[in-house]
Amino acid sequence: ALLAQPPRALPVEAPAATLAVPNVPLETEKSEVISEGKASESRSRVSAESRGSTKKRRPLRSPRAMPPAVLKEDPASRAFFCGHWPGKRNDYEGEAGFKILPEMDFEITALGRCAEPPLMEAALVSVWETQSQECLASALVGPTSRVDGFYAWEPLMEPLLLKKGQEYRLSQRCRANMLDRWCDDYATKEELSGKSWAALASFIGGVCREKSDCEFSSFPHLSDGLLRRAGIVNFKAILRPGPEPELRRVDREAFARDLALQLTVPEASTPLAVEEVELRLAALAGLLALLVDEVQGISVLALLAPQEELEIIVASAAAVNPWGQVELAGASVFDSRALCQELGLAARRSGMLDAGLLLVSFTGEVMGLVLRPRCSGGANAAGGPMVFDQGRPLQSWEIAQQLPGAGVAMAKQLA
């Protein structure tokens, strides 16, 4: 799909794919030897390992082993509760928590529990939709969870969208005499304004459900006090981007034609040389083949633009983290297999299966692989400055709008 009134830089989304992991059995060939004894003894089988050497087939391995993906919450996320809410109670059996009413759309990226003092045991933290009484997400938070501020955190597999004006409930599964005490006090409006993200959602009050009533559902259906139980659990949220530009449907021929025109028709009156046109189209074809056919199971952004514009982005990214954040410089989109493997490694190192932003010049040369760019403004700051250390992650169409000249921004989403 293309923008109804596309800027010079055109965002494109490549179709998502699913990573297929082959199941390679480890086969060990064992021989059996039958030993003969006296006539009165029965025959017994003895493993060849006890009688001599055994031949083993070496397992098939990929040329380069992929490191396991470690989940991390998005660095742009911000905790709803920022203060310390000391716990005094541990005698309840069942679900205990609170309900909130979002003031805007946002995504939850991690769930947490108060870790001051340090946690002694794990407990399940859940998010519920009040209208359907459905559990939308849950995480087991305990002593091994990462501590940030006063809370221990566990990231969610996928960000959870909470919509403005719809009530949600968060709860902790408690047991009687559990090792960790939790907050059951009543907060004041002044405390909430200073120790919570009040503009994100309104804190309503406590909810609960006893274990004896959890045979068919654990949804905390009882409301048991206004402004009660703040900080018993916590969540990290990230603001959603502003409204996307209007899209229109096109066929493959029109899609290819518009992409080609986006790269080969200069803004100046001087036409491009034939060799330059062929070079740009070849780079575009190589990048499309990489994203559509090669990259699987990860998210990656790609930007095809003039070299001088990409050098500015590289310099900004290197200023944030010079060690390893500007990678793959000198590679080429025409060597797609090697480039795809490096993208997979970078995505797994990120902890979120996000390889970042691949910068490709019109010659097909890779200028670098940098962190996913961010916007330091609010949810609707599509035209804000591009940074790499804080803020909301930019979408492909927002990156395309920031290009002053010709260029194409593409996004391969995680299936």
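The values are calculated or read from the model by the stated rules, or taken from the named source; none is laboratory data. Since the structure is predicted, the reported quantities are computational estimates derived from the model, not experimental observations. Because the Cβ atoms are built from the backbone with ideal geometry, glycine has one as well, and the counts that use them run over all protein chains shown. For the accessible areas, the whole protein counts, side chains as well, though only heavy atoms, and no ligand, DNA or RNA atoms are used. Shrake-Rupley method; radii C 1.70, N 1.55, O 1.52, S 1.80 Å.
A compact table of results
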{"quantity": "Descending semi-axes in whole angstrom, ellipsoid equivalent of the stretch 185-247, from the Cα gyration tensor", "calculated": "29, 21, 9"}
{"quantity": "Order by protection proxy (mean Cβ within 10 Å, highest first), peptides 110-118, 221-229", "calculated": "110-118, 221-229"}
{"quantity": "Protection-proxy order for peptides 168-175, 100-107, each taking the mean of Cβ atoms within 10 Å per residue, highest first", "calculated": "168-175, 100-107"}
{"quantity": "For the stretch 78-182: span of alpha carbons on each principal axis (Å, largest first)", "calculated": "35, 27, 24"}
{"quantity": "Residue-normalised accessible area of the stretch 122-279, expressed per residue, 1.4 Å probe, Å²", "calculated": "56 Å²"}
{"quantity": "Quotient of Cα Rg and 2.2 N^0.38 Å for the stretch 273-369, N being how many residues it contains", "calculated": "1.05"}
